[in-house]
1. Restricting to the range 11-46, what's the tally of residues that are surrounded by fewer than 17 Cβ atoms within 10 Å (Cβ to Cβ), among the hydrophobic types (A, V, I, L, M, F, W, C) and outside any loop (DSSP other than H, G, I, E, B)?
2. Would you confirm whether any residue within the range 106-125 is touching a Pro at 6+ places or on another chain (Cβ under 9 Å), among the aliphatic types (A, V, I, L, M) and under 30 Å from ASN371 (Cα atoms)?
3. How do the pairs read when you match residues in the range 92-107 that are in the same structural domain as GLU73 (by TED's automatic domain parsing) and more than 12 Å from ILE269 (Cα to Cα) with residues anywhere that are modelled with pLDDT of 95 or more and of a type in the set (Lys, Arg), using Cβ under 9 Å and keeping only pairs 6 or more apart or on different chains?
4. Select, from LEU248, LEU158, the only residue that is of a type in the set (A, V, I, L, M, F, W, C) and within 23 Å of SER111 (Cβ to Cβ).
5. Condition first: within 29 Å of CYS212 (Cα to Cα) and among the small types (Gly, Ala, Ser). Now tell me which residues in the range 332-353 satisfy that.
6. Checking ILE340 against (1) under 23 Å from the mean Cα position of the chain (by Cα); (2) touching a residue at least 60 places away in the same chain (Cβ under 8 Å), which single condition isn't satisfied?
7. Mind checking which residues of the range 353-371 are among the acidic types (Asp, Glu) and at positive phi?
8. Given the condition more than 30 Å from LEU228 (Cα to Cα), among the hydroxyl-bearing types (Ser, Thr, Tyr) and not assigned by TED's automatic domain parsing to the domain that holds ALA351, answer yes or no: does some residue in the range 63-78 qualify?
Amino acid sequence: MNPDLQKLQPYPFEKLNALKASCQLENGQPAIEGHIALSIGEPKHDAPKFVLESITNNLNQINRYPLTKGSLELRLAIANWLTRRFKLAADALDAETNILPVTGTREALFSFAQCMVNRSDGALVLMPNPFYQIYEGAAFLSGAEPYFYNTEKENNYLPDFDAIEESTWDSCQIIYICTPGNPTGSVISKQQLKKLIALALKHNFTIVSDECYSEIYFDESNPPAGLLEAAEEYGNKSFENCIVFHSLSKRSNLPGMRSGFVAGDENLIKSYVLYRTYHGCAMPPVHQIASIEAWNDETHVKHNRELYVKKFDAVIEILKPVINVTLPDAGFYLWLNTPIDDENFAKDLFAQQNVTVLPGSYLSRESDGINPGKNHVRLALVAPLDECITAANRIKEYIQTLNTNN
């Protein structure tokens, strides 16, 4: 048995289920009927019909083994999308060497560390705090130690790379960044990305940029920056030490299709292709064909953003009289700073209002003497508009009882 398995902590939703089970409920049920879950970041909008039609029209492809590298047509579609979306030079990306389709970014974010970490003494994998727990598990099971850099309210929940010691950068092999952030929704600026690229080249570590929420934003004229465009502007035209992860799950409401990609430094991609040849998780051919359709279309993505804009506008308008709440930079989460302990907030909200949110302390670790997720909760505005409005009114009513009691 791999002893590093013992280092893995329970997943946030295991803790949440235990918390809800501990509630003292009258007649064994929450006070209000009709449960609303804002806890899990699973898109609920309809999948694009043309993508579903592509799947049903190409089921005959199921009798073929897929290539680890995916089809050239898919890699070209991805390269073209990246070039359009991040305004890269026309020849910046080679579909043969810079692109690798993956079966969803969750497994790729995890397995990338298994491939890339040199199990040397003192190897560090840096990650934001709060964070997506896959990063931590990836670090432990690659033989490295996680190092948490805090993203706090005082800094708009953004990382402060200047606060990290030189000795830490020297031991860093991978740094995970998440922009737009999960759970905070904060977007790392292009200037910050360039600063990080300079550090990566100086200290020879890999930047893993999780950009899975990049296509959910609120200003059509100002989409979030990405690592590859920052690298190109910096002059790192070969994307050395830079890898980005993108997915169709949030962008196109296709989480069950498990379709994403990694792109960037061709030397890293080459090694990762070798790893995945043995890992054996190539995307099914029918999903590859459907993915081409999705990456080639922006109309459904813009419509998807419009739905989120309506939900954020409505929910924030309802909540702002009772709690400090602002529109995040991007993504579909509200990261609320709670007036009481986050576990108690989530527990009592469920018992009294039958709304489930995720305690922020379940998404973070104590680092530098603080737990930056404490006294926060994450709200995933993935439910339909009417459910989000109902949930917001219930949360408002619950917060009003707190304010009255105080």
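The values are calculated or read from the model by the stated rules, or taken from the named source; none is laboratory data. Treat the numbers as computed from the prediction; the structure is a model and nothing was measured. Here the Cβ positions follow ideal geometry from the backbone for every residue, glycine too, while neighbour counts run over all protein chains shown.
1. Of the residues in that region, 3 qualify.
2. Residues of the range 106-125 touching a Pro at 6+ places or on another chain (Cβ under 9 Å): 124-125.
Then drop every residue that is not among the aliphatic types (A, V, I, L, M), which leaves 124-125.
Of the ones still in play, those that are also under 30 Å from ASN371 (Cα atoms) are 124-125.
Within the range 106-125, one or more residues are touching a Pro at 6+ places or on another chain (Cβ under 9 Å), among the aliphatic types (A, V, I, L, M) and under 30 Å from ASN371 (Cα atoms).
3. From residues that are in the same structural domain as GLU73 (by TED's automatic domain parsing) and more than 12 Å from ILE269 (Cα to Cα), the pairs are ALA92/LYS237; THR103/ARG258; GLY104/ARG258; ARG106/ARG258; GLU107/ARG258.
4. Values: LEU158 fails: within 23 Å of SER111 (Cβ to Cβ).
None of the others qualify; the one that does is LEU248.
5. Result: ALA346, single match.
6. Status for ILE340: all satisfied but (1).
7. Restricting attention to the range 353-371, the residues satisfying the condition of being among the acidic types (Asp, Glu) are 366, 368.
Result: ASP368, single match.
8. First pass over the range 63-78, keeping only residues more than 30 Å from LEU228 (Cα to Cα): 63-65.
Those still in the list that are among the hydroxyl-bearing types (Ser, Thr, Tyr) too: 65.
Those still in the list that are not assigned by TED's automatic domain parsing to the domain that holds ALA351 too: 65.
Yes, because at least one residue in the range 63-78 is more than 30 Å from LEU228 (Cα to Cα), among the hydroxyl-bearing types (Ser, Thr, Tyr) and not assigned by TED's automatic domain parsing to the domain that holds ALA351.
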